[in-house]
Amino acid sequence: MDYNAKIYVAGHRGMVGAALVRRLRRAGFNNLVVRTSAELDLRNQAAVADFFADEQPEYVLLAAARVGGIHANNTFRADFLYDNLMIQSNVVQQSHVHGVRKLLFLGSSCIYPRLAPQPIREEHLLTGPLEPTNEPYAIAKIAGLKLCEAYRSQHGSNFITVMPTNLYGPGDNYNLETSHVLPALLRKFSEAAAQAAPAVTVWGTGTPRREFLHVDDLADACLHLLRHYDGAQPVNVGTGKDITIQELADLVAELTGYPGEVVFDFARPDGTPRKLLDVSRLHGLGWHHRIGLREGLQQVLTSADWLHATQPVAALH
Ligand SMILES: NC(=O)C1=CN([C@@H]2O[C@H](COP(=O)(O)OP(=O)(O)OC[C@H]3O[C@@H](n4cnc5c(N)ncnc54)[C@H](OP(=O)(O)O)[C@@H]3O)[C@@H](O)[C@H]2O)C=CC1
Ligand SMILES: C[C@H]1O[C@H](OP(=O)(O)OP(=O)(O)OC[C@H]2O[C@@H](n3cnc4c(=O)[nH]c(N)nc43)[C@H](O)[C@@H]2O)[C@@H](O)[C@@H](O)C1=O
């Protein structure tokens, strides 16, 4: 890839988009195009067409999406389906119309069947029913993946698809109602430690297993795939290791120095029991993760980003 190539990073203010911008700049790419959602609502077909006609990007990294944790997914089901279908349809179609050289689409490990064999290989897609709490989001992401596949087979477009596991890192969402589990636990345990609270409430039974990848590792994997992968098959991106939510809570309690009790709220959903990704395709392409969970969490806890989490919920996302 030419370092002067024009690269559009959609969703550059999000956790993943910002990590992609950091990684691309560090690699020497100096012609990045970005827009906030206020400047360009990617659900708006005409606006997206005008933007592509004006900017003519050569590469597109699609990290703009409606994203959230289990509760947000389950509550705003229409938004998660509609927004994501619209965003990805407009961006993929315009990338085709304007002859984009390569597009990278970000899916998610929740696209796989709820009870897929573990670890989950890319071939397990569409072999069983989805997890109900995030079915609309998963359906949208599957449609995005299939859209890329179809443009490739009908038009020869070099659109690749990447399926990351649960992510964390700088720029995460710490709103306790809409966040994923890791930022929620980092915030809950840190605040409980500071306030000497007697107990922290963790949603569900604590038994589900999740795999966590630092967003800087994901950004590095995306750049590796941009440079070295032109295949039609999706590529799982993860660490190949998972832990239970109870173990995660214990780890966060230790790292935040919280000595109190952990209470599980059984009224909250567990979601899928396990979604460990098989990362052998990714390893075969020459990429391995570098940041272990303990090290990554220590980094987040000591970063300036973390300070924002001490603001009231209303001041967050
Ligand atoms: N976070 C995770 O654990 C995982 C994330 N992913 C995938 O990675 C991608 C990025 O996720 P993440 O960075 O965490 O999400 P964030 O919520 O942090 O960021 C999403 C970004 O999308 C932009 N966006 C949302 N709606 C629109 C819109 N209508 N028009 C234009 N831009 C819009 C926002 O822009 P603005 O800030 O300008 O409003 C925001 O910056 C998504 O595709 C997600 O599915 C996959 C697996 C796990
Ligand atoms: C990335 C992925 O993220 C989502 O799937 P998820 O992994 O189920 O989401 P989550 O991170 O919110 O929860 C993981 C587990 O953790 C438990 N849990 C405990 N305590 C808290 C808690 O305080 N907050 C949250 N959010 N969860 C908690 C929670 O009950 C669940 O068992 C998808 O909707 C979809 O968007 C997607 O692709």
- Pop a pseudo-label 7 angstrom from the Cα along the beta-carbon direction at both Asp230 and Tyr82 and give the gap in nm to one decimal. 4.0 nm
- Query: Pairing the Cα long axis of helix 135-155 with the longest principal axis of the chain, what angle in degrees results, from 0 to 90 and rounded to the nearest 10?
  - Reply: 20 degrees
- Message: Show log10 I(q)/I(0) for segment 120-170 at q = 0.30 Å⁻¹, two decimals, from a solvent-free Debye sum over equal Cα scatterers.
- Response: -1.24
- Query: Rounded to the nearest 20 Debye, what is the dipole magnitude of segment 1-158 about its Cα centre when Lys and Arg each give +1 and Asp and Glu each give -1 at the C-beta?
  - Reply: 420 debye
- Debye, to nearest 20: dipole size of the chain, +1 on Lys, Arg Cβ, -1 on Asp, Glu Cβ: 480 debye
- Task: Starting from the Cα gyration tensor of segment 25-175, multiply each eigenvalue by 5, take the square root, and state the resulting semi-axes largest first in whole Å.
- Result: 26, 19, 16
- Query: Which value in nm describes the separation of the simple spin-label points at Glu261 and Glu247, placed 7 Å from the Cα toward the beta carbon?
  - Reply: 2.6 nm
- Query: In whole Å, what are the Cα extents of segment 45-85 along the three principal axes, biggest one first?
  - Reply: 38, 20, 10
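Roughly to the nearest percent, how much of the accessible area of the chain is carbon and sulfur, given a 1.4 Å probe?
Values: 7010 of 13480 Å².
Of the solvent-accessible surface of the chain, carbon and sulfur hold 52 percent.
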- Item | Overall Cα dimensions of segment 238-292, principal axis frame, Å, largest first | 44, 27, 10
- Note on the structure: Taking alpha-carbon centroids only, segment 46-100 lies from segment 172-199 a number of Å equal to 30 Å
- With the calculation restricted to Cα positions, what are the radius of gyration and Dmax of segment 164-227 in angstrom? 14.7, 50
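Using a 1.4 angstrom probe with every protein chain in place, what is the largest-first accessible-area order of Val200, Val97? Intermediate results must be reported in sequence, preceding the final value.
Details: Val200 5, Val97 80 Å².
These residues rank, largest area first, as Val97, Val200.
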- Scattering profile of the chain from the Debye formula, Cα beads only, expressed as log10 I(q)/I(0) at q = 0.09, 0.12, 0.14 Å⁻¹, is -0.44, -0.80, -1.10
- Message: Could you report the chain's accessible area per residue, 1.4 Å probe, as an integer in Å²?
- Response: 43 Å²
- Query: Just the Cα atoms of segment 148-291: what Rg and Dmax do they give in Å?
  - Reply: 18.2, 60
- Helix 15-27 sits at what angle to the longest principal axis of the chain, using alpha carbons and giving 0 to 90 degrees rounded to 10? 60 degrees
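Averaging the inverse of every distinct alpha carbon separation and then flipping it gives the Kirkwood radius. What is it for segment 26-97, in angstrom units? Could the numbers behind the result be given before it?
Details: mean 1/r = 0.0741 Å⁻¹.
Its Kirkwood hydrodynamic radius stands at 13.5 Å.
The values are calculated or read from the model by the stated rules, or taken from the named source; none is laboratory data. It should be emphasised that the depicted structure is a prediction, and the values quoted were computed from it without experimental measurement. Because the Cβ atoms are built from the backbone with ideal geometry, glycine has one as well, and the counts that use them run over all protein chains shown. For the accessible areas, the whole protein counts, side chains as well, though only heavy atoms, and no ligand, DNA or RNA atoms are used. Shrake-Rupley method; radii C 1.70, N 1.55, O 1.52, S 1.80 Å.
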